[in-house]
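The values are calculated or read from the model by the stated rules, or taken from the named source; none is laboratory data. Source: prediction; values computed, not measured. We place every Cβ from the backbone using ideal geometry, glycine too, and count neighbours over all the protein chains shown. Only protein heavy atoms, including side chains, enter the accessible area calculation; ligands, DNA and RNA are left aside. Shrake-Rupley method; radii C 1.70, N 1.55, O 1.52, S 1.80 Å.
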Amino acid sequence: MATRRRPAAAAAGAPPTQPPPADAAAAPGEPAKEPVLRPPNLGVAAAAAVLFLAPFSYLAFVHYPLDADLRGSILKCGAMSLGGFFIVLKLIPVAARYHLRRRMFGYDINKKGLPTGEIKVPEALGLVVGIVYLVTAIIFQQFHYAEDSIWLVEYNAALASVCFMILLGFVDDVLDIPWRVKLALPTIAALPLLMAYAGGTSIIIPKPLTPYVGLTVLELGLFYKLFMLLLAVFCTNSINIHAGINGLEVGQTVVISAAVLIHNVMRIGSSTDIETQQAHEFSIYLVLPFLATSLALLAFNWYPSIVFVGDTYTYFAGMALAVVGILGHFSETLLLFFLPQVLNFLCSVPQLFHFVPCPRHRLPRFDPQTGLLTGTKDGNLVNIFLRLFGKCSEKALCIRLLIFQALCCVFCFWLRYMLTGWYK
């Protein structure tokens, strides 16, 4: 992750005065001291939950006349997701202490020169969120899907891909594998999804292009599965590189997840096609626990971060969103929700492919005297925003980027509304 420096990187400029190791032995005759974490910022999690879940709840239970069984299933999934939220809140401090004992911690580079820059921040706490999410989603299927459900195979394949990605992400956090290998990890994790996918492999040609193509539907066959694979690779890595400041990784996934939920309920309410409704219902059941558990992590990762999420979370989040977009059959809309990540990737291409020099951490410069960040020449949105709008605090920068993420999602909804009936 770009926001921290591993203790092994001391030669590259670690703080000259470091606190004793988390697993250092206590003085003779004294009990070993457990590291104490600050309490989570529950106010941020509560505000985000109200802000992003209120529109979904209004659409699902007031605006659209959804089936009573569907509403009941959404309530059951929501109740289990709420349980997952509280379990994550409880488990993260426990897991953080274990990570500190095993020396899985880093220092916040954006606070270098301040006392907070010398605090050991436990890493890879996305592992807790991933495990709780998987358990919640697995238990939910017991209460919803029958053994002969046509969706059960794809549901389990989606969870298998997410589980695989969590494992590989944690391997990356432990081993710090090079970028050329990181690109292959989502390819491996997506295999269960690709092998189990039994949906259509055709696309609808946009109406303005049908006179030139001569077709209304184009069968892609294996090329469609190639597209699914590329989408999974993009989603996982795009969240991983759009990072570097406290709260950004989790915040962007919370915003996208809320947009996905709203899109799903809008499509269910406006469509009369049963298969379309079932696909978006399927997506809701996967996204609700993901959003709830991510909100709990946000309470710990918001500025100033108590824990780092690690590549475990960014890979897990990207794969979770990719599978709901693929199996929910709204991959085009998902890419529009990922517009900031697309822009960040395009701006990062020269450095990612080494056309120009690429530092290990493409972070802004921090001034410990003012506490403000200044943009560098690195080609990512974090630095571009600082160059465009001027220096600011880390918290303010994160809020600006999340507002931009939310505005892009609103733009997506507006664009879909304007193109309805004309584009497809």
Would you pick out the residues in the range 66-121 that are open to solvent by less than 60 Å² (accessible area, probe 1.4 Å), not in a helix (DSSP H, G or I) and not basic (Lys, Arg)? 66, 104, 105, 106, 107, 108, 114, 121
For the range 284-340, which residues satisfy the criterion of being among the polar types (S, T, N, Q), open to solvent by less than 10 Å² (accessible area, probe 1.4 Å) and farther than 22 Å from residue 393 by Cα? 293, 294, 312, 314, 333
Please enumerate the residues belonging to the range 172-188 that are farther than 20 Å from residue 348 by Cα, open to solvent by 50 Å² or more (accessible area, probe 1.4 Å), of a type outside the set (Val, Ile, Thr) and in contact (Cβ under 8 Å) with a residue 24 or more places away in the chain. 176
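Scan the helices (runs of 4 or more DSSP H) fully inside the range 244-337 and keep the ones with 1 or more residues being within 19 Å of residue 140 (Cβ to Cβ) and not β-branched (Val, Ile, Thr).
Values: elements: 248-270, 274-301, 310-327, 331-337.
Filter on the range 244-337 gives 248-270, 274-301, 310-327.
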Take the conditions without any contact (Cβ under 8 Å) to a residue 24 or more places away in the chain and either in contact with a Ser or Thr (Cβ under 6 Å, 6 or more places away or on another chain) or open to solvent by 60 Å² or more (accessible area, probe 1.4 Å) (or both) and apply them to residue 223. Does it pass? yes
Considering the range 189-220 alone, what residues qualify as being open to solvent by less than 70 Å² (accessible area, probe 1.4 Å) and assigned to a helix (DSSP H, G or I)? 189, 192, 193, 194, 196, 208, 210
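Condition test on residue 169, is it outside any helix (DSSP H, G or I) and touching a residue at least 40 places away in the same chain (Cβ under 8 Å)?
Working: outside any helix (DSSP H, G or I): no; touching a residue at least 40 places away in the same chain (Cβ under 8 Å): yes.
No.
Please go through the range 146-166 and pick out each residue that is among the aromatic types (Phe, Trp, Tyr) and either free of Cβ contacts under 8 Å to residues at least 12 places away in the same chain or open to solvent by 50 Å² or more (accessible area, probe 1.4 Å) (or both). Walk me through it before giving the result.
Residues of the range 146-166 that are among the aromatic types (Phe, Trp, Tyr), as a first pass: 151, 155, 164.
Once the filter is applied, which keeps residues that are among the aromatic types (Phe, Trp, Tyr) and either free of Cβ contacts under 8 Å to residues at least 12 places away in the same chain or open to solvent by 50 Å² or more (accessible area, probe 1.4 Å) (or both), the range 146-166 yields only 164.
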Within the range 238-265, can you find the residues that are open to solvent by 10 Å² or more (accessible area, probe 1.4 Å) and either modelled with pLDDT under 95 or of a type in the set (Asp, Glu) (or both)? 240, 241
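In the range 293-307, how many are touching a Leu at 6+ places or on another chain (Cβ under 6 Å) and farther than 17 Å from residue 245 by Cα?
Within the range 293-307, residues that are touching a Leu at 6+ places or on another chain (Cβ under 6 Å) and farther than 17 Å from residue 245 by Cα number 1.
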Would you check if residue 272 is hydroxyl-bearing (Ser, Thr, Tyr), without any contact (Cβ under 8 Å) to a residue 12 or more places away in the chain, at negative phi and surrounded by fewer than 22 Cβ atoms within 10 Å (Cβ to Cβ)? yes
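Does residue 407 qualify as being closer than 21 Å to residue 264 by Cβ, open to solvent by less than 10 Å² (accessible area, probe 1.4 Å) and of a type outside the set (Gly, Ala, Ser)?
The answer is no for residue 407.
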